[in-house]
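The block underneath contains the structure these notes are about, expressed in structure tokens.
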Amino acid sequence: MSSSYGLHRVLEPVGVLPQQAWRLRTDPRAWPDEVVLDVARLNLDAASYRQLREQHGSPEAVREAVLEIIETRGKMHNPVTGSGGMLLGTVREVGPESPLGLRVGDRVATLVSLTLTPLRIEDGLADWTGETEQVPCRGTAVLFGRSIAARLPDDLPDELALSVLDVCGAPALTDRVVREAGPGASVLVLGGGGKSGSLSLVAARRAGAGRLVALVPTEEEAASVRAAGLADEVVVADARDPVGVLDAVGTPVAVTVVCVDVPGCEHGAVLATADGGTIVFFSMATSFAAAALGAEGLAADVRMLIGNGYVPGHAEFALDLVRTEPGVRALFERRERHTSPT
């Protein structure tokens with residue numbers, strides 16, 4: 001009997017949800033409420049890709065590591081970071097009880113993590129160099145009754161749409177939190193030059209933010225954010241240096257959004273956030289124990305939220321930001337050119 005949560009796909013250990021499982025069943029035949037996809041491209045999350053690159057070094061070794069994870073676990077679930085990414089594919093089969101509203105032939109991006117998506121690779125990742133977060137491939141994937149997917153837009157290149165949809169939860173939740181904070185709220189985005197960070201800056205501005213600060217690690221990245229006009233202030237600091245973050249930001253802000261892909265940024269976010277303020281953690285490199293215990297140790301009266309990647313309407317919201325904000329689109333396109341192999 002199938003489960004809308006995907007319990008029937010869990011091989012080890014039995015009884016847990018697919019995200020918690022060590023290994024999933026990847027048989028590409030749809031159960032009654034499932035959708036089977038022909039996969040064209042994976043998008044590894046930034047924290048996972050960084051960790052793999054740092055551990056394995058050469059692009060070839062990274063490729064072999066990703067393939068081994070998928071073959072061993074039946075999903076792309078990095079055992080070190082606990083994160084995965086998402087994918088682009090075409091609907092092959094739709095079970096008669098599927099509630100997702102998809103049809104055979106639809107081109108979609110999954111809006112659920114690869115850490116819970118049954119995945120089978122059929123080409124050995126032969127067309128991927130290992131040098132980019134986006135992984136061209138051939139294989140199959142399975143969506144459950146409680147999964148989420150978005151049809152790919154016709155007006156944006158696939159690579160751009162996939163990059164945007166990979167982080168679409170961040171700007172949507174940023175919009176909600178900044179509106180809750182009230183008109184003119186001050187907002188800081190750690191990692192403001194990245195994918196989720198740049199979208200969060202634009203979302204914060206639209207939501208009525210007053211002072212808008214982007215923190216980035218290099219002068220080169222700062223120049224790009226300034227040229228895009230995404231923030232009132234662009235400061236350069238190491239997000240892992242709490243005192244350095246506070247010195248760079250100055251007056252603490254009402255809302256801090258953490259969009260970095262390296263560990264150790266929790267305490268800087270706490271110091272930079274005013275008492276009564278809110279911190280939203282979107283990075284999969286976040287240690288939530290460090291965040292909670294650090295705030296306690298600093299006697300910081302801050303609300304901390306985990307960005308879970310899902311807010312109703314988040315996909316169309318993020319795509320609209322890219323369509324209508326030339327600055328953020330330019331950043332995304334520049335990133336794609338920079339990370340694509342020549």
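A simple charge model with +1 on the Cβ of Lys and Arg, -1 on the Cβ of Asp and Glu and nothing else charged puts the dipole of the chain at about 600 debye relative to its Cα centre. With just the Cα atoms defining each centre, how far is the stretch 56-99 from the stretch 106-170? Give it in Å. Answer, in whole Å: 9.
Quick one: divide the alpha-carbon radius of gyration of the stretch 7-152 by 2.2 N^0.38 Å and tell me what you get.
0.98
Ratio of Rg to Rh for the stretch 106-150: 0.99 [Cα atoms; Kirkwood radius as inverse mean 1/r over pairs].
Positive end of the dipole of the chain (Cβ unit charges, origin at the Cα centre): among Ser163, Val62, Ala141, the Cα lying farthest that way belongs to Ala141. Here the relative contact order of the stretch 206-328, from alpha carbon pairs under 8 Å that lie six or more residues apart, stands at 20 percent.
Entry note, the chain: relative contact order of 15 percent, from Cα contacts under 8 Å with a spacing of 6+ residues. Two numbers describe the Cα atoms of the stretch 229-342: Rg and Dmax, which are 15.9, 50 Å.
Note on the chain: antiparallel DSSP beta bridges, both residues inside, total approximately 55 percent of the bridges counted. Convex hull volume of the Cα atoms of the chain, normalised per residue: 131 Å³.
Of Met76, Val14, Ala40, which is farthest towards the positive pole of the stretch 7-152's charge dipole, taken about the Cα centre with +1 and -1 on the beta-carbons of Lys, Arg and Asp, Glu respectively? Value computed over the given set: Val14. Every Cα-Cα pair of the stretch 24-101 was included, and the share exceeding 17 Å stands at 53 percent.
Note that the stretch 80-181, at 20 °C in a medium of 1.002 mPa s, gets a Stokes-Einstein diffusion coefficient of 141 µm²/s from its Kirkwood radius over C-alpha pairs.
For a distance above 19 Å, tell me the whole-number percent of Cα pairs in the stretch 201-273 that qualify. Tail fraction, whole percent: 30. Relative contact order, whole percent, for the stretch 7-152 stands at 32, derived from Cα pairs under 8 Å and 6 or more residues apart.
Dipole of the chain (Lys/Arg Cβ +1, Asp/Glu Cβ -1, origin at the Cα centre): which of Val245, Val91, Ser3 lies farthest to the positive side? Sorting the options by dipole projection puts first Ser3. For the stretch 183-212 versus the stretch 266-329, the spacing of their alpha-carbon centroids is 11 Å. The calculated P(r) of the stretch 61-124, using every Cα pair and 5 Å bins from 0, goes 4, 16, 23, 23, 16, 11, 6, 1, 0 in percent. Over the stretch 197-243, the alpha carbon radius of gyration divided by the compact-protein estimate 2.2 N^0.38 Å works out to 1.13. Put a plus charge on the Cβ of each Lys and Arg, a minus charge on the Cβ of each Asp and Glu, and nothing anywhere else: the dipole of the stretch 169-339 about its Cα centre is then about 500 debye.
Here, each number is a calculation from the coordinates, and none is a lab measurement. Keep in mind that what you see is a predicted model, and the values were worked out from it rather than measured. Heads up, the Cβs are rebuilt from the backbone with ideal geometry, glycines too, and the neighbour counts pull from every protein chain shown.
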